[in-house]
Amino acid sequence: PSTAGAVQALLDLMPSSGDLRERVRFEQRSVVDDGYGNEVTGPFEAQFERSAMYLMRPGNEAMIAARLQGLQPVTIIVRFDAQTKTIRPDWRVVDLNTGRTYEIKAAEDMDRKRSWWTVVCIEGASA
């Protein structure tokens with residue numbers, strides 16, 4: 001399928017408020033002093049929590065190969081707001097119900113209506 005077709009298929013799946021049944025926390029790596037005056041990457045720190053909807057992505061060849069390696073592609077959708085629009089690929093998502101972590105690959109306003117923020121993730125990847 002074309003890229004435009006894939007985007008339209010995703011837009012057709014955009015949730016309503018009642019579909020946001022999961023609870024997730026978005027985390028960003030901190031910057032800490034290493035004791036020698038240098039700033040280095042520190043541990044992940046919680047930024048905020050949101051209700052979310054998960055879309056397990058159907059398999060093309062690359063996704064099937066990823067699953068065989070223990071990596072699960074997933075799209076997480078949250079409401080668009082001043083905080084969610086700051087999510088970047090160097091952040092991670094933590095499912096508050098299961099404790100699973102997801103490495104963020106991309107985050108974007110896919111519907112271009114500032115209603116939903118779409119976060120493309122991989123479960124099982126090192127964030």
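The values are calculated or read from the model by the stated rules, or taken from the named source; none is laboratory data. Quick caveat: nothing in here was measured; it's all calculated off a predicted structure. Note that we place each Cβ from the backbone using ideal geometry, even for glycine, and neighbour counts take in every protein chain shown. Heads up: the accessible areas ignore ligands, DNA and RNA and are worked out on the full protein's heavy atoms, side chains in. Shrake-Rupley method; radii C 1.70, N 1.55, O 1.52, S 1.80 Å.
Here is how the numbers come out for the structure above:
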quantity: Accessible-area order (highest first, 1.4 angstrom probe) of the listed residues 39, 108; calculated: 39, 108
quantity: Estimated distance in nm for a label pair at residue 71 and residue 98, the labels positioned 7 Å out from Cα along Cα-to-Cβ; calculated: 1.8
quantity: Debye log10 I(q)/I(0) at q = 0.15, 0.33 Å⁻¹ for region 78-124, Cα point scatterers; calculated: -0.38, -1.18
quantity: Length added when fully stretched, residue 33-residue 85, from 0.36 nm per residue minus Cα-Cα; calculated: 15.9 nm
quantity: Sum of side-chain charges, residue 25 neighbourhood, beta-carbon under 12 Å (Lys, Arg +1; Asp, Glu -1); calculated: -1
quantity: Residue-by-residue Karplus 3J(HN,Hα) for region 103-111, coefficients 6.51, -1.76, 1.60, Hz, glycine and proline x; calculated: 7, 7, 9, 7, 9, 7, 7, 5, 7
